[in-house]
1. With the requirement that a residue be under 16 Å from ASP59 (Cβ atoms) and in contact (Cβ under 8 Å) with a residue 24 or more places away in the chain, what does segment 27-47 give you?
2. Where residues in segment 29-81 are modelled with pLDDT under 90 and of a type in the set (A, V, I, L, M), which of them is most open to solvent (accessible area, probe 1.4 Å)?
3. Please identify the pairs in which a residue from segment 94-105 that is under 10 Å from GLN22 (Cα atoms) has its Cβ atom under 9 Å from the Cβ atom of a residue that is open to solvent by 90 Å² or more (accessible area, probe 1.4 Å) and among the basic types (Lys, Arg), counting only partners at least 6 apart or on another chain.
4. Which pairs do you get when a residue that is more than 20 Å from SER63 (Cβ to Cβ), found in segment 1-26, comes within reach of a residue that is surrounded by fewer than 11 Cβ atoms within 10 Å (Cβ to Cβ), reach meaning Cβ atoms under 7 angstrom, with the pair 6+ apart or on two chains?
5. So SER52 clears everything in (1) under 28 Å from THR169 (Cβ atoms); (2) touching a helix residue (DSSP H, G or I) at 6+ places or on another chain (Cβ under 8 Å) except one condition, right? Which one?
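The values are calculated or read from the model by the stated rules, or taken from the named source; none is laboratory data. Keep in mind that what you see is a predicted model, and the values were worked out from it rather than measured. Here the Cβ is made from the backbone with ideal geometry for all residues, glycine too, and neighbour counts use every protein chain on show. These area figures cover heavy atoms from the full protein model, side chains too; ligands, DNA and RNA do not enter into them. Shrake-Rupley method; radii C 1.70, N 1.55, O 1.52, S 1.80 Å.
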Amino acid sequence: TEDNGSISSADTLTSGNPIKGQLSNSTDVDIYSIVTTSTGTIDIAFDAPTNSSYNEYFDVTLSDGTNVIASQSTGKDTSFSAGVEAGTYYVYVDKSTFHNDEEYILTATSAAGDTSGVETEDNGEFTTADTLTSGNPIKGQLSSSTDVDIYSIVTTSTGTIDIAFDAPTDSSYTDYFG
């Protein structure tokens, strides 16, 4: 519902229930809140009205009200997840470069449980690094051009560590990740 353009007037999301929205003009921002009662994950599914390979139509951002936890810029359907502690979180839907006023569908699902396998914020310092478990994948995301994700792993003996990195791009351009 309008006006949901601020945290204080955010529409409430019920876990797993889709909600329809639209950006009525180029300055409209839709903000939604979701409450988690324990440590776990929040999965975001965004059903865009566009089907463009350009990611300049919608910015979908998960935040704790102060810090960006995860975000996607998209021109088509997308989904992402993040590990979270108990608390209130906000999903912002904003235009990117181009404005589209057609209806979108947003679903946020909160799942209690272990956050292993999912990056948590803020893991940008050695003291807050997410722990890797040998042989188990972890999903991560750089939420901005200044975001850094740090992971740690403990070994019990001398040996080799093999790292497999599955980049979300199929580009031969090598400057995406450092």
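1. Within segment 27-47, ASP28, VAL29, ASP30, ILE31, TYR32, ILE44, ALA45, PHE46, ASP47 qualify.
2. Here the residue is VAL68.
3. The qualifying pairs are GLU103/LYS20; TYR104/LYS20; ILE105/LYS20.
4. Within 7 Å, the pairs are GLN22/GLU102.
5. (2)
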